[in-house]
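Asks: Quick one: the structure is below, questions incoming.
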Amino acid sequence: MPRVYNTQIDRRTFLKLAGAGAAAGLVRWPGGMPLAYAAQSPDASQIITGKSPEMIIHNAKLGVMETPLGMLREHRLTPKNILYNRTHFPVEGAGKWMATTAPADPDVIKSWTILVSGLVQRPKTISVADLMQMDMVKRTSVMQCAGNGRAYYWAKAKTPGSGWHHGGMGNLTWEGVPLKPLLKNLDLSPSDQVRFLTANGKDVPPVKGGADLIKSYHLETPQLDDAILAVRMNGEPIPTIHGGPVRLIIPGYYGNMNVKWVTDLLLMDEPTPSALMQKTYRLPNRTVEPGKFTTQDLTRENSTPTYGFKIMSVLFSPMMGEKVSGSGGVDLQGVAWNDGVVPLTEVRVSLDKGKTWQTTELDDSDAPYGWYHWHRNVNLDSGVHEVWVRAIDAWGRSQPVNGLTTWNPGGWEWHGVDRVRFHVSGA
Amino acid sequence: MPYFRLWAGLLLIGVCAIAQAADIQLPKGPGVNLVYAKCQTCHDLQYLVDSKGLMAAQWQSVLASMQDYGLEATPQEKKTILKYLTTYLGPNPPPAASASAGGQTANVDGAKVFKENCSGCHGPNGKGQPGYFPPLAGNGDIQRDRAFPVLVVLNGLSGPIKAEGQAFNGAMPALDHLSDAEIAAVVNHIRTAWGNQSRLKPVTAKLVAKERKRSMTPADVHAYRADMH
């Protein structure tokens, strides 16, 4: 079966595709703004040790960076040096310990503990050393920033936040201890008021009184049954920047929900009041218009946190603006995924802007939480073509044909039909 | 949240990246200095550049969120910041360089420059914030070497330091958008304010211009400081 893993796309080609501004060290994306940098902006390897210098930087101080699509598509499992990163506090100064893909020092791992408490009669402490002695399971799952694709919303109206395209995601294999059985075995004797699990990690805000990144989940959510306290990523100890030595992995849930550097787990009656849970990473429950409803209007009643992934598909090949040969047909290839609760059933492509759709061949070997790879060979004349891609799952959930209909003030959960224009020669 | 106990171990893993914020220049206009001063404590200015084009209601909402994340600003300062953002980073910004707010004049008020650019972190009386931002009042470092505070303002400073017996490990951003005259004035101000006494010759704009030519990272300034001791 043809795959794109070995497709070579060098930096020069990428920069060319990314636009003219790239030549000056600036990357100009469609829908994005030309970025006003001085020439000596640091590259990703200077911000986070071990990251590829080709990463697209969204915020140097916070270590926020995106994978160029041409690199992302080369691997079935996303390597740590090109995996996107979103941290919420500076990765310099007091936060510099986070800024590496190396694992934590053995002494740190040995002394790391997690306090499990809340509305329980018997709070317990578990150590990472203990976890490592327990039976572990593997989960192959998509990790994706809730802001991934935000830049596409900007065709309708600007939102605050970084202009992610499709590279704020990766496909990874995590290894760790199943969470729910662990909580049960700890014999905490929780109150019958308990409805939520709350997780907090070692990272702290750089200013006094700043909101901490704390997350809460409904205990009955199906993905929590598959959650693990992970200690390994892609067969190695978790890179520090990605949450090592221990990260809560809730497969099918957006990145911010997968708390890094876990130090505290609480069983609670209410979700955390942290502004990073209650004021952001939330979508209004109804359609809102730009400027008429802002992130400050979000309440616990009128909005929902960015929990499970919206169903989504992305074209990996050809990429936007790419020139491909048409002889022997053009192989359309990409990935698709959803929240993992039910399987994807089909990925369809359209070559006439949605009038007719054709099915593709689907590979579910990383299901239910990992990427489904799909492909279809099509005959195309020489010239410019636009392909649309749409995934459908067993509950009939699909992507909006016009993704702008789900515009929201935070620019979260882009999952519009992917529309890609490319050039075919010599058909 | 008890995170201190981890640092020692985690720092041993040999993090050697020279983390430095991207040097992003904002359109000049009234209030821009306050934006530089307030908005780089937690993130760099790429967020602002990327959010260019937000409507007034959206910028207002952003500013309100930033208070949740720890922004400290007086109501007047917030008004100034909001006015700047909605004017220069709004949907219809005026043509560039129409308003030059850069105090290029010789008579710059160092106390005013301090208030607008430095007091957000170092405090109105230069006392800093324990555990977060070092004090300038009584801080011997600023009196040791004529150029050192100039280099800090021009290039930023990151890495572990001690000041007045307290440990800090922050990352001050470069404030190199300030003019030579403004930097000279603010350095001369902090050297003599709040009971500080200086035996050094006052800094001149010419000296700042000279120091501006050597390009240093915040880590280089940290090394310069270590050599000074």
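Coordinate-derived values only; no laboratory data. Not measured: the values here are computed from a predicted model. Don't worry about glycine lacking a Cβ; one is built from the backbone with ideal geometry, like all the others, and counts go over all protein chains shown.
Asks: With each pseudo-label sitting 7 Å past Cα toward Cβ, what's the residue B:210-residue A:111 distance in nm, one decimal?
Replies: Going from the residue B:210 label point to the residue A:111 one covers 4.7 nm.
Asks: Can you give the FRET efficiency to the nearest 0.05 for residue A:395 and residue A:185, using r as the Cβ-Cβ distance and R₀ = 35 Å?
Replies: Values: r = 33 Å, r/R0 = 0.95.
It comes out at approximately 0.60.
Asks: Could you compute the FRET efficiency for residue A:402 and residue B:125, with r as their C-beta to C-beta distance and R0 at 51 Å, rounded to 0.05?
Replies: Efficiency for this residue pair is about 0.35.
Asks: Something else now. Looking only at the protein assembly as shown, where both bridge partners belong to it, what percent of the DSSP beta bridges are antiparallel (to the nearest 5)?
Replies: 90
Asks: Once the Cβ-Cβ distance between residue B:112 and residue B:83 is put in as r, and R0 is 25 Å, what FRET efficiency do you end up with, to the nearest 0.05?
Replies: Numbers: r = 18 Å, r/R0 = 0.72.
That gives a FRET efficiency of 0.85.
Asks: Using the structure shown, select from B:38/B:127; B:78/B:112; A:110/B:162; A:96/B:127; A:51/A:96 the pairs with a Cα to Cα distance greater than 20 angstrom.
Replies: On the way: B:38/B:127 17 Å; B:78/B:112 17 Å; A:110/B:162 30 Å; A:96/B:127 25 Å; A:51/A:96 15 Å.
From the list (B:38/B:127; B:78/B:112; A:110/B:162; A:96/B:127; A:51/A:96), the Cα-Cα distance tops 20 Å for A:110/B:162; A:96/B:127.
Asks: I'd like the per residue volume of the convex hull spanned by the Cα atoms of the range A:332-389, given in cubic angstrom. Write down the numbers at each step before the final one.
Replies: Values: hull volume 4.8 nm³, N = 58.
Taking the convex hull of the Cα positions in the range A:332-389, it is 83 Å³ per residue.
Asks: Could you work out, residue by residue across A:206-216, how many beta carbons of other chains sit within 10 Å of that residue's beta carbon, and then give the average as an integer?
Replies: Averaged over the peptide's residues, the number is 5.
Asks: Sorted from largest down, what three extents in whole angstroms do the Cα atoms of chain B have along their principal axes?
Replies: Ordered largest first, chain B gives principal extents of 50, 47, 31 Å.
Asks: May I ask for the net charge around residue B:229, where only other residues with Cβ less than 14 Å from the Cβ of residue B:229 are counted and Lys, Arg are +1 while Asp, Glu are -1? Present the calculation step by step, with values, prior to reporting the outcome.
Replies: Values: positive: B:144, B:162, B:225; negative: B:141, B:145, B:227.
Overall, the nearby charge balance is 0.
Asks: How large is the charge dipole for the protein assembly as shown, taken about the Cα centre, if only the Cβ atoms of Lys, Arg (+1) and Asp, Glu (-1) carry charge, to the nearest 20 debye?
Replies: Dipole size: approximately 1480 debye.
Asks: Once you have the Cα-Cα distance between residue A:297 and residue A:121, take 0.36 nm times their residue separation minus that, and quote the gain in nm to one decimal. If you can, show how the numbers build up before the last one.
Replies: Values: separation 176, 0.36 × 176 = 63.36 nm, distance 3.76 nm.
Here the segment from residue A:297 to residue A:121 would lengthen by 59.6 nm.
Asks: When you count, for each residue, the other Cβ atoms within 10 Å and take the mean per peptide, how do B:65-77, A:266-278, A:93-105 rank with the highest first?
Replies: Sorting B:65-77, A:266-278, A:93-105 by mean packing, highest first, produces A:93-105, A:266-278, B:65-77.
Asks: Let me ask you something else. Between residue A:386 and residue B:227, how many nm apart are label points set 7 Å from Cα along the C-beta direction?
Replies: Inter-label distance under the simple model: 5.9 nm.
Asks: If you don't mind, another one. If one computes the Cα centroid of the range A:355-427 and of the range A:137-195, what distance in Å separates the two points?
Replies: 22
Asks: Which semi-axes, in whole Å and largest first, does the equivalent ellipsoid of the protein assembly as shown have when worked out from the alpha carbon gyration tensor as the square roots of 5 times its eigenvalues?
Replies: Sorted largest first and rounded, they come to 42, 31, 23 Å.
Asks: Sticking with this one: Can you spot the lysines whose alpha carbon is less than 21 Å from residue B:210's alpha carbon? Ignore those fewer than 8 places along the same chain.
Replies: Within the straight-line limit of under 21 Å, residue B:210 reaches these lysines: B:201.
Asks: Grab the Cα-Cα distance for residue B:166 and residue B:144, subtract it from 0.36 nm times how many residues apart they are, and report the gain in nm with one decimal.
Replies: 6.1 nm
Asks: Using packing as a proxy for protection, rank A:146-155, A:416-425 so that the peptide with the highest average count of other Cβ atoms within 10 Å comes first.
Replies: So the peptides A:146-155, A:416-425, ranked by packing, come out A:146-155, A:416-425.
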